[in-house]
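A.B. asks: Structure below; questions to follow.
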Amino acid sequence: MALMRDARRAIKLAKDVMWSRRAQRALAKKLAERPPLEPHHYRVGVYFADGRVNLYQLRQWYKPLLELSKRHPVLILSRASGSALQLLDEAPLPVAYVRRVVDLEHVIHEQDLHVVLYVNQNAKNFQMMRYGRRWHVFINHGESDKMYMTTNQFKAYDYALIAGDAARARLEKVLWDYDFDKRAIPIGRPQADHYLDGSPLPYPSDGREVVLYAPTWEGDRGAAAYGSIASHGVELVRGLLATRRHRVIYRPHPRSGVVDPEYGAANRAIIAALAAANAADPSAYHIYDNGPELGWQLAAPDVAIVDISAMVYDRLAAGRPLLITRPANREAQIDTGGYLQACEWLEATDAAAMVARVDEVTHDAAALARLGVWVERYFGDTTPGVTTARFHDAVDHLMDEWSRFAAIHAGEPEIDEFEIEAEEADEALEA
């Protein structure tokens, strides 16, 4: 058994090495075709040290950062070849590939980055945070009540841009001797201002009630077994399809079924059911959505059904009817200290009962009023444009603070920050 496991690891490692070498060659060619970055132009850097698997953390910031770049030029700093290759193809902002520390130092020396933003807690963040005379700011990649959101690592950054009162309350429970009034700046959810960007929806406006079902994967342990595809999903979707008055948008987590074959089979059954329903009724426009873009799916549907995941809070920012599937696995841990203490639950039962529950929440004024209270607690004022303005105001404030401190220290001698250090071996291989 151990030999088979070792053999599989060896095969995977060999594939990773070959992929990494191909990516390096493709990246070198792509970079050679691009003009050099304009010197001393960029004021905001977005540091991303992860591989392609975590690019979703950065993608959700594309549109807010693009809007910010109209005020303060923004540059993405990518440390991994696979991510850089992908970002050069898809990112709406300029990208610098900084695999080695010396590459990073070259960009820092050539640009005037006053503010550096971080979307996650990668250990390589500290290779960037060594450089002073600029603000290092944690912006995270979502809002939730997970333990990740209360890590003491917040203290490592000069500032953190947080969503709102709920985020501050979580942090106040665990961060000692932290100046929240100065260092934790609430901005809401600027992504929500871009959920509906004016692009046409991929279905007609014909009176059908649109239901987003966006389950997570099955999880790798009982405590995190929040996925509902096998427990709720098949019956739920079949029930909604049968009414012929609902339109289903199905957006499963891309890892659905990687641990549990039964979960994967349920996922495929739902996809097949949607295809069969569309074949039987071409006007139905049911959608299996597995694309990288996430925006309209959160704001356009009449009601959303999601598992315990970041999708709860992404939809919450839209302020529209929302149902949370109650985990069927009794080992699943549910934090009822925040929104989940008052959310609308969907129990795993028969199709008719689940469809009735969906209809009930979609049209329940009291449920919508309760939802509004929690939207305000998590994100503040969600009037379109307000949270973008708060994001811009926060960065403007940091720029003003940079100028203030630069003036204070203007007479001091220059310090060489760019020491030559032994490089790490090669970057970690990415799948």
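The values are calculated or read from the model by the stated rules, or taken from the named source; none is laboratory data. What you see is a predicted model, and the numbers here were worked out from it, not measured in a lab. Every residue, glycine as well, gets a Cβ built from its backbone with ideal geometry; the counts of neighbours run over all protein chains shown. Please note that ligands, DNA and RNA were not included when accessible areas were found on the heavy atoms of the full protein model with its side chains. Shrake-Rupley method; radii C 1.70, N 1.55, O 1.52, S 1.80 Å.
A.B. asks: In segment 73-182, what percent of the accessible surface is made up of carbon and sulfur (1.4 Å probe, ligands and nucleic acids excluded)?
C.D. replies: 51 percent
A.B. asks: As I understand it, the value is the acute angle between the Cα axis of helix 365-379 and the longest principal axis of the Cα atoms of the chain; what does it come to in degrees, rounded to 10?
C.D. replies: 10 degrees
A.B. asks: Ignoring ligands and nucleic acids, what accessible area does residue 231 show with a 1.4 Å probe (Å², nearest 10)?
C.D. replies: Roughly 40 Å² of residue 231 is accessible to a 1.4 Å probe.
A.B. asks: Would you mind checking the tilt of helix 101-110 against the longest principal axis of the Cα atoms of the chain, expressed as 0 to 90 degrees and rounded to 10?
C.D. replies: The angle comes out at about 70 degrees.
A.B. asks: If you don't mind, there's one more thing I want to ask. Which log10 I(q)/I(0) values does the chain give at q = 0.13 Å⁻¹ under the Debye formula, counting every alpha carbon as one identical point scatterer?
C.D. replies: Summing over Cα pairs of the chain leads to -1.26.
A.B. asks: If R0 is 41 Å, what FRET efficiency do you get for residue 269 and residue 34 from their C-beta distance, rounded to 0.05?
C.D. replies: 0.35
A.B. asks: With bins 10 Å wide starting at 0, give me the P(r) of segment 236-343 over every alpha carbon pair, in whole percents.
C.D. replies: Bin by bin from 0 Å, the calculated values are 12, 40, 38, 9, 1.
A.B. asks: About the Cα centre, and with charges only on the beta carbon of Lys, Arg (+1) and Asp, Glu (-1), how big is the dipole of segment 35-110? Nearest 20 debye, please.
C.D. replies: So the magnitude is around 200 debye.
A.B. asks: Another question, if that's okay. What order do 209, 235 take when sorted by accessible area (1.4 Å probe), most exposed first?
C.D. replies: So, going from the largest accessible area down, we get 235, 209.
A.B. asks: Roughly how far apart, in whole Å, are the Cα centres of segment 308-366 and segment 184-255?
C.D. replies: Between the Cα centre of segment 308-366 and that of segment 184-255, the gap is 12 Å.
A.B. asks: While we're looking at this one, here's another question. Calculate, in nm to one decimal, what residue 178 and residue 25 gain on full extension: separation in residues at 0.36 nm each, minus their alpha carbon distance.
C.D. replies: 50.5 nm
A.B. asks: Okay, helix-only estimate at 222 nm for the chain: each DSSP H run of n ≥ 4 adds -39500 (n - 2.57), divide by all residues, round to 500 deg cm²/dmol; what do you get?
C.D. replies: Only helices count here, giving -12000 deg cm²/dmol.
A.B. asks: Heavy atoms of the protein only, probe of 1.4 Å, neighbouring chains included. What is the accessible area of residue 205 in Å², nearest 10?
C.D. replies: 130 Å²
A.B. asks: Can you sort 162, 334 by solvent-accessible area, 1.4 Å probe, largest first?
C.D. replies: 334, 162
A.B. asks: Another one. So what's the gap between the Cα centers of segment 25-77 and segment 148-170, to the nearest angstrom?
C.D. replies: Distance between centres, Cα-based: 24 Å.
A.B. asks: Also, I was wondering about something else. At residue 201 and residue 350, where each label point lies 7 Å from the Cα along Cα→Cβ, what is the point-to-point distance in nanometres?
C.D. replies: Each label point is offset 7 Å from its Cα along the Cβ direction, giving 3.1 nm.
A.B. asks: Can you pull the Kirkwood radius for segment 134-232, inverse mean 1/r over Cα pairs, to one decimal in Å?
C.D. replies: About 16.9 Å, per the Kirkwood formula over Cα pairs.
A.B. asks: Next up: To the nearest 10 degrees, how steeply does helix 2-32 sit against the main Cα axis of the chain, on a 0 to 90 scale?
C.D. replies: Between the helix axis and the principal axis of the chain, the angle is about 60 degrees.
A.B. asks: Tell me, what % of the accessible area of segment 269-405 is carbon and sulfur with a 1.4 angstrom probe?
C.D. replies: C and S atoms contribute 54 percent here.
A.B. asks: Label residue 220 and residue 368 with points 7 Å out from Cα along Cα→Cβ: what is the distance between them in nm?
C.D. replies: For residue 220 paired with residue 368, the spin-label model returns 4.2 nm.
A.B. asks: Here's another thing I want to ask about it. Compare the Cα positions of 119, 248, 84 along the charge dipole of the chain (+1 at Cβ of Lys, Arg; -1 at Cβ of Asp, Glu; about the Cα centre) and return the one farthest towards the positive end.
C.D. replies: Sorting the options by dipole projection puts first 248.
A.B. asks: To the nearest 10 Å², what's residue 376's accessible area with a 1.4 Å probe?
C.D. replies: Accessible surface of residue 376 is approximately 110 Å².
A.B. asks: Here's a follow-up. Rounded to the nearest 0.05, what FRET efficiency do residue 209 and residue 290 give with R0 = 25 Å and r taken as the Cβ-Cβ distance? Could you check?
C.D. replies: 0.65
A.B. asks: In addition: Just reorder 114, 41 by solvent-accessible area, largest first, 1.4 Å probe, all chains present.
C.D. replies: From most exposed to least exposed: 41, 114.
A.B. asks: Between residue 406 and residue 153, what's the calculated FRET efficiency when r is the beta-carbon distance and R0 is 22 Å? Round to 0.05.
C.D. replies: After rounding to 0.05, the efficiency reads 0.25.
A.B. asks: Suppose all protein chains stay in the model; what accessible area per residue would a 1.4 Å probe give for the chain, in Å²?
C.D. replies: Spelled out: the 1.4 Å probe surface of the chain, per residue, equals 49 Å².
A.B. asks: While we're on this one: Which one, 361, 375, 348, projects farthest toward the positive side of the charge dipole computed for the chain from Cβ point charges (K/R +1, D/E -1)?
C.D. replies: Projecting each Cα onto the dipole axis, the largest value belongs to 348.
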